[in-house]
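Structure record follows, encoded as structure tokens.
The values are calculated or read from the model by the stated rules, or taken from the named source; none is laboratory data. Fair warning: this is a prediction, and the values are worked out from it, not measured in the lab. Note that each Cβ is placed from the backbone with ideal geometry, even for glycine, and that neighbours are counted across all protein chains shown.
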Amino acid sequence: MAAPLLLFVGFGVGNATNDLLTLPADSAVRTATAEEVPRVHLELLSRQMQRLREAGAETEEYVAMYQEHVAPVEAILRRRGVADSTARAVAWPLVQHSYRRGLDPAFVLSIVLIESGGRPRATSFVGARGLMQVMPAWSGHWRNCGRDLYDIDANLCNGTSILAWYLSRNPGDEHRALLGYNGCVRGSNTPNCHTYPQKVAQLKHQIQREMNLLRAQRPGGAAAR
């Protein structure tokens, strides 16, 4: 499958407001799962998202990006009981940081839901914090990631960096990478931690299916073409 290219021909700056975020846009966007896309393209897409995020919701380009890449994540969070305001605050940075590290947002979202249930202020009994349950020892380890692990953006930046690091140490072995991310080592305090990779994999595949359906069902989506 070809890498996703954002085709914003004829867009430019519009007068879109936040209300447009709830409406479908007939944007010329093609997507593939992040697992099928070369990392360089995902990193470019992440930089595009950073630019649009800073510009705000004034552009049609922002709305198109939101609807294709971010809205499915936000919808899945809401379906699983996350408050609307929290789902909105989490979805964009989750996708942006996933792409920056060459990760599938469905993969990262499955970890967020298993680790914290989508609660930014979650704290485990061993002290792991936030959406991706990052241990305080990691704070400050990654350049350009904030230190406040209860901050949504900082937590996702740190968490995706840690996950990508474990994947780089275990190339082609997602199972072992997830064991490392979960701290599943000898003497681990996490009960039944050896089942963690399977739980993540099952939820990831479910979320991928849901995201594909959400994209296909919206006006202008694949099902409408």
If we keep only residues of the range 94-150 that are among the small types (Gly, Ala, Ser) and under 15 Å from the mean Cα position of the chain (by Cα), then the residue surrounded by the fewest Cβ atoms within 10 Å (Cβ to Cβ) is Gly117
Tell me the residue from Arg88, Arg39, Arg79 that is of a type in the set (Lys, Arg) and at pLDDT below 75, please. Arg39
Considering only residues that are under 16 Å from the mean Cα position of the chain (by Cα) and among the polar types (S, T, N, Q), look in the range 151-183 and name the one that is nearest to Arg119 (Cα to Cα). Asn155
Of the residues that make up the range 44-61, is at least one at pLDDT below 95, within 13 Å of the chain's Cα centre (by Cα), closer than 23 Å to Pro120 by Cα and surrounded by 19 or more Cβ atoms within 10 Å (Cβ to Cβ)? yes
Given (1) at positive phi; (2) in contact (Cβ under 8 Å) with a residue 12 or more places away in the chain; (3) among the polar types (S, T, N, Q), Asn158 misses just (1)
Among the residues listed as Tyr166, Tyr150, the single one being assigned to a loop (DSSP other than H, G, I, E, B) and modelled with pLDDT of 95 or more: Tyr150
Which of the helices (runs of 4 or more DSSP H) found entirely inside the range 45-101 contain at least 1 residues meeting this: over 24 Å from Gln217 (Cα atoms)? 84-100
